[in-house]
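Asks: I'd like to ask some things about the structure below.
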Amino acid sequence: MSTDDRAAVTPGIARLHASPGRAGPGRLGLVTNHTGVLPGLRPAAPALLEAGVRLVALFGPEHGLHGTGQAGESEAARTDPATGLPVHDTYRCGGERLDAALLGSGVDALVYDLQDVGARCYTYVWTMFDLMVSAARTGVRFVVADRPNPLGGLVSEGPLLDEAWASFVGRAAVPVRHGLTCGELALHLNTSAVPRAAGRAAELTVIEAAGWRRAMDARATGLPWIAPSPNIPTPATAAVYPGTCLFEGTNLSEGRGTTQPFEIVGAPYVDARFAPALAELGLPGVHFRDLRFVPAFHKHAGRPLRGVQLHVTDREAFAPVRTAVAMLAVLRRLYPDDFAWHTADGGAEDTGHRHFVDLLWGSDRLRRTVDAGDDPRPLCAPPAPPGRWAGDDLLLYP
């Protein structure tokens, strides 16, 4: 049985491949990377060309067109060897530079096809937003070839971003875990943040992912899992990432440089008290295992660390954001002289001396609450249906 036969979902890019007219007339640019494949794993760009799509340029996000760059990196290639098309690097490119790239590429429309992970701090959706703003300013049409949210679409979690803390890990008022597909998020942003940034909305079309239902996580779609970036290797990583991404703003390793990034966290000062203290909280849907590890790169590279691994036992009950903020409070209580926040930007531009966790959280309230010794879990609010926070009718899928 082929991958195509097993898939319960047909992503938007496959529907465009089958019916090239869905993107409208003219010259198209494709915003893509290694995740931009058809259900049978065929790369979309050459497949679209063979199907007669008038594709004239490619646009790559953070990590690059082929996904080889680590966090905060891209790739230097300016031509795609598979298609011969020019490649425009959008990472850390905005404003007039991005407008100039769109105008110089000669495209009449952009087609966006990147696999998101469902967390506000993941930069692909802000690449989408920046390009929508630029498209609105330059008169380029914008098409989202939609893909499923790998966390499912029944729940959103965490507070809305305070736009005083906007950065490339959060441009607009979206929850930490947003519960939307990229197409749904584009619809929301196009009625709110895009007009404020560009002076007008983009001319937007969403090609829906046929067959997706909100109760489906990545495993239920039947689509092959391709690591969206080097440190999201599996669906299990994606399940914890909306919470444990907050550890990027601390002096703990979030597991980069190991085979289980974001599923494990640790530091040189963590000891045998951490795992039992977390177990005492009775957090739903997760067990914490005491472990030791040595990262090969990134924070504390080459040093023996102690910490915990998050074992998700019930994905429906597990609340990644609430879990992570509880972990931060325990760390501050157990290790007050060692636990620390840091300002390394982790891919967010223009951070200055702001704490990175504030950008990830969308305000300084989490950091201040933890530092005061208070319980930060009430900041999360109960998980909510994904459309409720947006205040508009944007849900495309039942």
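The values are calculated or read from the model by the stated rules, or taken from the named source; none is laboratory data. Keep in mind that what you see is a predicted model, and the values were worked out from it rather than measured. Methodologically, a virtual Cβ is constructed for each residue, glycine included, from the backbone with ideal geometry; neighbour enumeration extends over all protein chains shown.
Asks: Residues that are surrounded by 18 or more Cβ atoms within 10 Å (Cβ to Cβ) and touching an Asp or Glu at 6+ places or on another chain (Cβ under 8 Å): does the range 216-229 have at least one?
Replies: So far as the range 216-229 goes, yes, one or more of its residues are surrounded by 18 or more Cβ atoms within 10 Å (Cβ to Cβ) and touching an Asp or Glu at 6+ places or on another chain (Cβ under 8 Å).
Asks: Among residues belonging to the range 349-396 that are within 24 Å of Asp337 (Cα to Cα) and among the β-branched types (Val, Ile, Thr), point out the one that is surrounded by the fewest Cβ atoms within 10 Å (Cβ to Cβ).
Replies: Looking at the filtered set, the residue picked out is Thr369.
Asks: How many of the residues in the range 281-297 are among the charged types (D, E, K, R) and buried (at least 20 other Cβ atoms within 10 Å of the Cβ)? Talk me through it step by step, then tell me what you get.
Replies: Narrowing the range 281-297 to residues among the charged types (D, E, K, R): 289-290, 292.
Subsequent filtering for residues that are buried (at least 20 other Cβ atoms within 10 Å of the Cβ) retains none.
Number satisfying all stated conditions: 0.
Asks: Another question, then. Looking at Pro86, is it more than 19 Å from Met128 (Cβ to Cβ) and in contact with a Lys or Arg (Cβ under 7 Å, 6 or more places away or on another chain)?
Replies: Values: more than 19 Å from Met128 (Cβ to Cβ): yes; in contact with a Lys or Arg (Cβ under 7 Å, 6 or more places away or on another chain): yes.
Yes.
Asks: A follow-up question, please. Quick one: in the range 202-219, which of the residues that are in contact with a Phe, Trp or Tyr (Cβ under 9 Å, 6 or more places away or on another chain) and outside any loop (DSSP other than H, G, I, E, B) is nearest to His17 (Cα to Cα)?
Replies: Among them, the one singled out is Thr205.
Asks: Okay, next question. Filter the range 197-214 down to residues that are small (Gly, Ala, Ser) and under 14 Å from Thr138 (Cβ atoms) and give me whichever is surrounded by the most Cβ atoms within 10 Å (Cβ to Cβ). So that I can check it myself, show each step before the final result.
Replies: Step one: of the range 197-214, the residues small (Gly, Ala, Ser) are 197-199, 201-202, 209-211.
Now narrow it down to the ones that are under 14 Å from Thr138 (Cβ atoms): 197-199, 201-202.
Values: Ala197: 20, Ala198: 18, Gly199: 10, Ala201: 15, Ala202: 25.
Once the filter is applied, the top-ranked residue is Ala202.
Asks: Given the structure, is Leu30 more than 19 Å from Ala210 (Cα to Cα), in a strand (DSSP E or B) and in contact with a strand residue (DSSP E or B) (Cβ under 7 Å, 6 or more places away or on another chain)? Break it down stepwise before answering.
Replies: Details: more than 19 Å from Ala210 (Cα to Cα): yes; in a strand (DSSP E or B): yes; in contact with a strand residue (DSSP E or B) (Cβ under 7 Å, 6 or more places away or on another chain): yes.
Considered against the rule, which asks whether it is more than 19 Å from Ala210 (Cα to Cα), in a strand (DSSP E or B) and in contact with a strand residue (DSSP E or B) (Cβ under 7 Å, 6 or more places away or on another chain), Leu30 comes out as yes.
Asks: Would you pick out the residues in the range 78-91 that are surrounded by 15 or more Cβ atoms within 10 Å (Cβ to Cβ) and not β-branched (Val, Ile, Thr)? Before you say what the answer is, go through the steps one by one.
Replies: Filtering the range 78-91 for residues surrounded by 15 or more Cβ atoms within 10 Å (Cβ to Cβ) gives 80, 83, 85-91.
Once the filter is applied, which keeps residues that are surrounded by 15 or more Cβ atoms within 10 Å (Cβ to Cβ) and not β-branched (Val, Ile, Thr), the range 78-91 yields Asp80, Leu85, Pro86, His88, Asp89, Tyr91.
Asks: Next question, about the same structure. Consider Ala44 against the criteria (1) without any contact (Cβ under 8 Å) to a residue 60 or more places away in the chain; (2) closer than 18 Å to Ala23 by Cβ: it satisfies all of them except one. Which criterion is unmet?
Replies: Only one criterion is unmet by Ala44, namely (1).
Asks: Same structure again: Which condition from (1) over 17 Å from the mean Cα position of the chain (by Cα); (2) on the phi > 0 side of the Ramachandran plot is the one that Gly179 breaks?
Replies: Looking at each condition in turn, Gly179 falls short on (1).
Asks: Residues that are small (Gly, Ala, Ser): find the strands (runs of 3 or more DSSP E) completely inside the range 52-112 holding 1 or more of those.
Replies: Those strands (runs of 3 or more DSSP E) span 55-60, 109-112.
Asks: Moving on. Only one of these conditions is not met by Ala166: (1) at negative phi; (2) more than 17 Å from the chain's Cα centre (by Cα); (3) without any contact (Cβ under 8 Å) to a residue 60 or more places away in the chain. Which number is it?
Replies: In the conditions (1) at negative phi; (2) more than 17 Å from the chain's Cα centre (by Cα); (3) without any contact (Cβ under 8 Å) to a residue 60 or more places away in the chain, Ala166 misses (2) alone.
Asks: Continuing with this model, one more query. Which pairs do you get when a residue that is assigned by TED's automatic domain parsing to the domain that holds Gly26, found in the range 91-105, comes within reach of a residue that is part of a loop (DSSP other than H, G, I, E, B) and of a type in the set (Asp, Glu), reach meaning Cβ atoms under 6 angstrom, with the pair 6+ apart or on two chains?
Replies: Tyr91/Glu62; Arg92/Glu349
Asks: Across the range 239-280, which residue is surrounded by the fewest Cβ atoms within 10 Å (Cβ to Cβ) among those that are in a loop (DSSP other than H, G, I, E, B) and among the charged types (D, E, K, R)? Write out each step before concluding.
Replies: Keep residues of the range 239-280 that are in a loop (DSSP other than H, G, I, E, B), which gives 251-252, 254-260, 262-263, 268-273, 280.
After this cut, where a residue has to be among the charged types (D, E, K, R) as well, the list is 254, 256, 263, 271, 273, 280.
Working: Glu254: 26, Arg256: 20, Glu263: 22, Asp271: 12, Arg273: 13, Glu280: 9.
Restricting to residues being in a loop (DSSP other than H, G, I, E, B) and among the charged types (D, E, K, R), the top hit is Glu280.
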